[in-house]
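Student: So that we are looking at the same thing, I have put the structure below in structure tokens.
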Amino acid sequence: MGKMEGVALRKSGALLRLISSFFVGSLVAAACAPATTTPGASASSNPTSTGIVASDKTFVFGIGQNPVGGCDGTQITVTVPVGNCPLLNQEGLVRFDEVTKSVAPSLATSWTFDGTSATFKLRQNVKFQDGTPFNADAVVFNYRRVWDTTFAANTGVKFPLVATIPIASVEKIDDATVKVNFKTARSDTMLLMTTFPAFIQSPTAVQKTTPADYAFHPVGTGPYKVTSYADASRFELQRDDSYWGTKPAAAKIVIVVKQDSAALVSDLLSGAIDASLAPSLEQIDQIKAAGMTIQASPSLVFYGANFNVTRAPFNDPKIRQAAEYAIDKESVTALSKGSAKPMYGAVVDGMREYNADVPAYKYDPKMSGTILDGLGWTLPAGGKVRMKGGQPLHIDVIQRTGYTGNTTLLTPLIVSNLQDVGFEVKTVTVEQALQYTAQGYYDINKWDLAVGGWSASIPDAGTMLGNMLTANWPTVGFNLGHYTNPQVDQKVAAAGASFDEKTHDQLLKDAQLLVRTDAPFLWIFQNQSMVAFNPAKVAAAPFRLGGQLDMLRLQLK
Amino acid sequence: MGRYIASRTGSSLLVLLGASLILFVAVRLVPGDPVTTQLGAAGIANPELVARTIASYGLDKPLPVQYFAWLSHVVTGDFGFSLVSGERVTDIVSRRIGPSLLLGGAASAAGLGLGLLWGIAAGYLSGSFRRVLRGAPMFVLVVPSFSVGLAVVFLFAVSLRLLPSSGISSPLEGDQQSLGSLIAHLILPTIALCLVPASLVARLTYATIDEVEQEEYVRTARALGIPALRVAVQHSLPNVLLPIITTGGLLVSALITNAVLIESVFSWPGLGTMMITAVQQRDYTVVQAGVLVVAVVYVLSSLVVDGLYLAADPRVRNPPTE
């Protein structure tokens, strides 16, 4: 499911880059097609290996954020934990291939999917890092551990993202085959099966210790063993040379977590670390001057603000449109030093369902003024605030503390641009920890515009729109502004149930047109993930499409 | 003396009990809760799921029930589990207390030593040196310690590259750290942390010297022609130490307050950074454990101060009888 920016991570720039979706770009053919059999694959069935040479080198990577405990993918609260640790240590039956942008074999070599069930053929001769065998029993154990509340291993463990995959039951057909039954027929199911809750771990290791301890000593089938995990402030992973797939470049990965990203830049410049995620905008020039490389990659993470559609003035879609025209989204690109790209619609440019025909809300303050004039909100002579019936065009903008990097640009941009066209703006700031509580954004009576961001945990625009704009809030999704449009709901739901790629995409393109008119969200910029690295040590540092460094495809010098 | 020690120990235990109650209530009074915060970060707002998760942590029970349940475990050394990471709080605190005590100890020693030298110099030197040394503590006290931290990082780590900028070890060392590396990592945070206590000690020292120098026994000693250095060492300075011992508790308090900031600036993996993170995440169990540990350190240091005072001042050791 999608998610809003979180509190667990202090650095908001890093925040949504880290808790964001795993993927961006064109989508997944295999994911949408029912009754599809994916051919078995061997050489290409783990992360694409072009240019990757296994070395004996160590890669030291710095991340500026709050530590988030543990490396057990199934127990992770936020979608992407520190350093993406589970992705280095554990694997699912299927994975999202960052190069082909498709669901690809992983611990399963092939599968059939008919919408409500999937049958997986399991890879043979794979062992967990503790030497125990991976087989159908292990898959059944893992899925029952997460989804079966009557199962002993489920007791006392919290699986916060369990609801994101609609698994109903799992059956062992034989040692090399399992069948998974789903509660609902959804076109995004196979994509969801690539995410953390479906990761497979050693039943022996899981049962050997308590869930809390296990989270810091996880045992999967992935290319790296967790050898040290100290309080999530520094952890080490050692390459498992008996790994079944292509071995990644770094023999050892050391991840250093510091709350102060400036400290990481000092570490990078002094040679203590090889790369640092999300350097602050203020330090980019300094980093470049020191001969380091800054690399930016597009991501699905985007920022803007929710309109509160339950009360005036933004209960009127025309006023929301006026606000959309008032924001100079292009200015963000220059100020953000390449870490942001203007965004004009509900779906990120680059996703398969992106509808290029949706008219963009380009910066046009005159148009904004014309709309407001037409609605009777006029500027009195010499005045700066529009009035109607003696009342000012007043809005309360809510933001949280702790924004860094390009996200620091959001509120000033919104406030100044809206003031320019005649809004009277008051800013309310809540502590980061209270952002998603009744004392913060959940109190719909407190704000008219809520500054924030959004990401998706899978690269499916339908899933994202369904969560972001669903009418079922708060039971389902995260529709903070309480936007509803039955037509949008219908189209998104139909896309979710459609296994025909063309139909699926068309329904979502139609939904984007409706959403464009309704303007329930003030889209401002698409985040570009940034990493600073030492070119003497790192040859290539590709990103996962959601914004995390893809350390399985790293190339070292 | 035995009664005195027993009385101080008993009152210290009462202080700790009171502190535990106050901090438990205070933490709960802070708006927000760990469950809503964490689930919100994960994009989950479902009220039923939130309520179920809150109940699973026992956070739906009345506060007195929660407090006594927590206290009954704490007295056995069990601080429960982190509400965020699920890790044992005892394990987290155990990892963090060592670096904090190391930094606090180093800063205390440096602060005391530097402050005494500074104060003595300011007390006995004359001319412009005296004026500078007497004005400097005020200057140091008005400069926030984290600014000093940032400045020394820029100078010694980024510009001169003489010392590591942050952390307790270099990334590649991990647990296998050399003593030299540990000391190198300790120097900058210690400098940043020791300046405030050093300034306090310096001010107190030269003020006390001024006072003692006016005492009759000192003036008599001088009148008898005893050399100034001997007068200072034998008669003045022993009496200067008493008020410094008395304020030792205050120095610990200043150290703890500043350590939270300094640990953050230097990414020092101590209790300060642990507390900041825990408060941000509303990780009640970790906050409670952290504050209680700090309270214990404070109370123990007060007891030590009392002990030192007892040893240093015969009037306390052997109170006059009617």
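The values are calculated or read from the model by the stated rules, or taken from the named source; none is laboratory data. Everything numeric here is computed off the predicted structure, so don't read it as measured data. Methodologically, a virtual Cβ is constructed for each residue, glycine included, from the backbone with ideal geometry; neighbour enumeration extends over all protein chains shown.
Student: Considering the range A:467-488 alone, what residues qualify as being at the interface with chain B (Cβ under 9 Å from one of its Cβ atoms) and of a type in the set (G, A, S)?
Tutor: Hit for the range A:467-488 is A:G477, nothing else.
Student: Turning to a different aspect of this structure: Under the condition of being small (G, A, S) and assigned to a strand (DSSP E or B), which residue from the range A:516-548 is modelled with the lowest pLDDT? Explain how you work it out, then say what you get.
Tutor: Applying the first criterion (small (G, A, S)) to the range A:516-548 yields A:519, A:529, A:532, A:536, A:539-541, A:546-547.
So of that shortlist, the ones also assigned to a strand (DSSP E or B) come out as A:529, A:532, A:539-540.
On the way: A:S529: 84, A:A532: 93, A:A539: 92, A:A540: 89.
Applying the filter and picking the extreme gives A:S529.
Student: So, A:L513, is that one more than 14 Å from chain B (Cβ to nearest Cβ), under 29 Å from A:L393 (Cα atoms), in contact (Cβ under 8 Å) with a residue 12 or more places away in the chain and not in a loop (DSSP other than H, G, I, E, B) or not? Walk me through how you get there before you give the answer.
Tutor: Working: more than 14 Å from chain B (Cβ to nearest Cβ): yes; under 29 Å from A:L393 (Cα atoms): yes; in contact (Cβ under 8 Å) with a residue 12 or more places away in the chain: yes; not in a loop (DSSP other than H, G, I, E, B): yes.
Yes: the conditions hold for A:L513.
Student: Determine which single condition A:V78 fails, assuming it passes every other condition in (1) part of a loop (DSSP other than H, G, I, E, B); (2) at pLDDT 75 or above; (3) surrounded by 23 or more Cβ atoms within 10 Å (Cβ to Cβ).
Tutor: It is condition (2) that A:V78 fails.
Student: While we're here: Which of the helices (runs of 4 or more DSSP H) contained wholly in the range A:170-248 include at least 2 residues that are among the small types (G, A, S)? Reasoning before the result, please.
Tutor: On the way: elements: A:189-192, A:203-208, A:211-214.
Because the criterion is at least 2 residues that are among the small types (G, A, S), no helices (runs of 4 or more DSSP H) in the range A:170-248 meet it.
Student: Another one. What's the total number of residues in the range A:212-245 that are within 12 Å of another protein chain (Cβ to nearest Cβ) and under 14 Å from A:F141 (Cβ atoms)?
Tutor: 1
Student: Against the condition more than 14 Å from every other protein chain (Cβ to nearest Cβ), touching a helix residue (DSSP H, G or I) at 6+ places or on another chain (Cβ under 9 Å) and of a type in the set (A, V, I, L, M, F, W, C), how does A:V538 come out, does it pass? If you could, list the steps in order and put the result at the bottom.
Tutor: Working: more than 14 Å from every other protein chain (Cβ to nearest Cβ): yes; touching a helix residue (DSSP H, G or I) at 6+ places or on another chain (Cβ under 9 Å): no; of a type in the set (A, V, I, L, M, F, W, C): yes.
In short, no.
Student: Looking at A:F543, A:F521, A:F533, A:F499, which one is in contact with a helix residue (DSSP H, G or I) (Cβ under 7 Å, 6 or more places away or on another chain) and of a type in the set (F, W, Y)? Write out each step before concluding.
Tutor: On the way: A:F543 fails: in contact with a helix residue (DSSP H, G or I) (Cβ under 7 Å, 6 or more places away or on another chain); A:F521 fails: in contact with a helix residue (DSSP H, G or I) (Cβ under 7 Å, 6 or more places away or on another chain); A:F533 fails: in contact with a helix residue (DSSP H, G or I) (Cβ under 7 Å, 6 or more places away or on another chain).
Step by step, each of A:F543, A:F521, A:F533, A:F499 is checked, and only A:F499 is in contact with a helix residue (DSSP H, G or I) (Cβ under 7 Å, 6 or more places away or on another chain) and of a type in the set (F, W, Y).
Student: Here is a further query. Report the residue count in the range A:328-349 for those that are of a type in the set (G, A, S) and over 17 Å from A:G304 (Cβ atoms). Steps first, answer last, please.
Tutor: Keep residues of the range A:328-349 that are of a type in the set (G, A, S), which gives A:331, A:334, A:336, A:338-340, A:345-346.
Retained after the next criterion (residues that are over 17 Å from A:G304 (Cβ atoms)): A:334, A:338.
Summing the residues that are of a type in the set (G, A, S) and over 17 Å from A:G304 (Cβ atoms) in the range A:328-349 gives 2.
Student: Okay, next question. Here are some residues: A:D274, A:D328. Which one is touching a residue at least 12 places away in the same chain (Cβ under 8 Å) and farther than 30 Å from A:L237 by Cα? Reasoning before the result, please.
Tutor: On the way: A:D274 fails: farther than 30 Å from A:L237 by Cα.
One residue alone meets the criteria, A:D328.
Student: Oh, and also: Identify the residue in the range A:412-440 that is touching a residue at least 40 places away in the same chain (Cβ under 8 Å) and closer than 25 Å to B:L39 by Cβ and, among all such residues, is surrounded by the most Cβ atoms within 10 Å (Cβ to Cβ). Give the derivation first.
Tutor: Residues of the range A:412-440 touching a residue at least 40 places away in the same chain (Cβ under 8 Å): A:413-414, A:417-418, A:420-423, A:432-433, A:435-436, A:440.
Pick out the ones that are also closer than 25 Å to B:L39 by Cβ and you get A:432-433, A:435-436, A:440.
Details: A:Q432: 26, A:A433: 28, A:Q435: 28, A:Y436: 31, A:G440: 27.
Checking each candidate, the answer is A:Y436.
Student: Out of the residues in the range A:385-399 that are buried (at least 23 other Cβ atoms within 10 Å of the Cβ) and under 14 Å from A:K426 (Cα atoms), state the one that is nearest to the chain's Cα centre (by Cα).
Tutor: Keep residues of the range A:385-399 that are buried (at least 23 other Cβ atoms within 10 Å of the Cβ), which gives A:386, A:393, A:395, A:398-399.
With the extra rule that they be under 14 Å from A:K426 (Cα atoms), the set shrinks to A:393, A:395, A:398-399.
Values: A:L393: 35, A:I395: 30, A:I398: 23, A:Q399: 20 Å.
Ranking the candidates gives A:Q399 first.
Student: If you don't mind, there's one more thing I want to ask. Give the residues of the range B:200-221 that are among the hydroxyl-bearing types (S, T, Y) and free of Cβ contacts under 8 Å to residues at least 12 places away in the same chain, sorted by residue number.
Tutor: Within the range B:200-221, the first condition is being among the hydroxyl-bearing types (S, T, Y), and the residues that meet it are B:205-206, B:208, B:217, B:220.
Listed by number, the list holds a single entry, B:T220.
Student: May I ask you to list pairs of residues, at least six apart or on different chains, whose Cβ atoms are under 7 Å apart, with the first in the range B:157-182 being at positive phi and the second being loosely packed, with under 15 Cβ neighbours inside 10 Å?
Tutor: B:G174/A:S228
Student: For the range A:467-488, which positions are surrounded by 18 or more Cβ atoms within 10 Å (Cβ to Cβ) and part of a helix (DSSP H, G or I)?
Tutor: Residues satisfying the conditions are A:N467, A:M468, A:L469, A:V488.
Student: Working only within the range A:517-552, note down all residues that are closer than 26 Å to A:G345 by Cα and of a type in the set (K, R).
Tutor: Taking the range A:517-552 and keeping what is closer than 26 Å to A:G345 by Cα, we get A:517-530, A:543-548.
The answer is A:R544, and nothing else.
Student: Continuing with the same structure: Please verify whether A:T164 is in contact with a helix residue (DSSP H, G or I) (Cβ under 7 Å, 6 or more places away or on another chain) and under 27 Å from A:G462 (Cα atoms), treating the condition exactly as stated.
Tutor: Working: in contact with a helix residue (DSSP H, G or I) (Cβ under 7 Å, 6 or more places away or on another chain): yes; under 27 Å from A:G462 (Cα atoms): yes.
Criteria met by A:T164.
Student: A further question follows. Can you tell me which residues in the range A:398-426 are under 22 Å from A:I444 (Cα atoms) and in contact with a helix residue (DSSP H, G or I) (Cβ under 6 Å, 6 or more places away or on another chain)?
Tutor: Those that are under 22 Å from A:I444 (Cα atoms) and in contact with a helix residue (DSSP H, G or I) (Cβ under 6 Å, 6 or more places away or on another chain): A:Q399, A:R400, A:T401, A:G402, A:Y403, A:L418, A:V425.
Student: Follow-up question, since we're still on this one. Taking helices (runs of 4 or more DSSP H) that do not extend beyond the range B:112-219, which have at least 2 residues that are within 14 Å of chain A (Cβ to nearest Cβ) and at pLDDT below 90? Lay out the reasoning, then the answer.
Tutor: Details: elements: B:128-142, B:145-152, B:179-213.
Counting at least 2 such residues, we get B:145-152.
Student: If we keep just the residues of the range B:29-40 that are part of a loop (DSSP other than H, G, I, E, B) and more than 7 Å from chain A (Cβ to nearest Cβ), which is nearest to A:Y436 (Cα to Cα)?
Tutor: First pass over the range B:29-40, keeping only residues part of a loop (DSSP other than H, G, I, E, B): B:30-33.
Narrowing further to those that are more than 7 Å from chain A (Cβ to nearest Cβ): B:30, B:33.
Working: B:V30: 15, B:D33: 10 Å.
This residue is B:D33.
Matching residues to (1) within 14 Å of chain B (Cβ to nearest Cβ); (2) in contact with a helix residue (DSSP H, G or I) (Cβ under 7 Å, 6 or more places away or on another chain); (3) charged (D, E, K, R); (4) free of Cβ contacts under 8 Å to residues at least 60 places away in the same chain:
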residue	(1), (2), (3), (4)
A:D137	no, no, yes, no
A:T150	no, no, no, yes
A:A168	no, no, no, yes
A:T189	no, no, no, no
A:T194	no, no, no, no
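Student: Determine whether the range A:105-113 contains at least one residue that is modelled with pLDDT under 90, closer than 14 Å to A:F199 by Cα, not in a helix (DSSP H, G or I) and not hydroxyl-bearing (S, T, Y).
Tutor: Within the range A:105-113, the subset modelled with pLDDT under 90 is none.
No: zero hits.
Student: Within the range B:258-284, take every residue that is crowded, with 24+ Cβ neighbours inside 10 Å and farther than 26 Å from B:P164 by Cβ and give me the one that is modelled with the lowest pLDDT.
Tutor: Out of the qualifying residues, it is B:Q281.
Student: In the range B:55-96, what residues are closer than 18 Å to B:V293 by Cα, of a type in the set (S, T, N, Q) and assigned to a helix (DSSP H, G or I)?
Tutor: Correct list: B:S72, B:T90, B:S94.
Student: Kindly establish whether B:G43 is at the interface with chain A (Cβ under 10 Å from one of its Cβ atoms), in contact with a Lys or Arg (Cβ under 6 Å, 6 or more places away or on another chain) and in a loop (DSSP other than H, G, I, E, B).
Tutor: Working: at the interface with chain A (Cβ under 10 Å from one of its Cβ atoms): yes; in contact with a Lys or Arg (Cβ under 6 Å, 6 or more places away or on another chain): yes; in a loop (DSSP other than H, G, I, E, B): yes.
It is true that B:G43 is at the interface with chain A (Cβ under 10 Å from one of its Cβ atoms), in contact with a Lys or Arg (Cβ under 6 Å, 6 or more places away or on another chain) and in a loop (DSSP other than H, G, I, E, B).
Student: Restricted to the range A:280-292, and to residues that are at pLDDT 85 or above and closer than 26 Å to A:S233 by Cβ, which residue is farthest from the other protein chains (Cβ to nearest Cβ)?
Tutor: A:I284
Student: Tell me the residue from A:A540, A:A536 that is without any contact (Cβ under 8 Å) to a residue 24 or more places away in the chain, small (G, A, S) and surrounded by fewer than 24 Cβ atoms within 10 Å (Cβ to Cβ), please.
Tutor: Values: A:A540 fails: without any contact (Cβ under 8 Å) to a residue 24 or more places away in the chain.
Just a single option satisfies the conditions, and that option is A:A536.
Student: Can you find even one residue in the range B:242-257 that is more than 14 Å from chain A (Cβ to nearest Cβ), crowded, with 22+ Cβ neighbours inside 10 Å, over 16 Å from the mean Cα position of the chain (by Cα) and assigned to a helix (DSSP H, G or I)?
Tutor: no
Student: State yes or no: is A:V265 touching a helix residue (DSSP H, G or I) at 6+ places or on another chain (Cβ under 6 Å), within 14 Å of chain B (Cβ to nearest Cβ) and either buried (at least 23 other Cβ atoms within 10 Å of the Cβ) or farther than 29 Å from A:L554 by Cα (or both)? Break it down into steps so the answer makes sense when it comes.
Tutor: Working: touching a helix residue (DSSP H, G or I) at 6+ places or on another chain (Cβ under 6 Å): yes; within 14 Å of chain B (Cβ to nearest Cβ): yes; either buried (at least 23 other Cβ atoms within 10 Å of the Cβ) or farther than 29 Å from A:L554 by Cα (or both): yes.
Against the criterion (touching a helix residue (DSSP H, G or I) at 6+ places or on another chain (Cβ under 6 Å), within 14 Å of chain B (Cβ to nearest Cβ) and either buried (at least 23 other Cβ atoms within 10 Å of the Cβ) or farther than 29 Å from A:L554 by Cα (or both)), A:V265 qualifies.
Student: Run B:G43 past the list (1) within 30 Å of A:P474 (Cα to Cα); (2) modelled with pLDDT under 85; (3) within 21 Å of the chain's Cα centre (by Cα) and report the number of the one that doesn't hold.
Tutor: (3)
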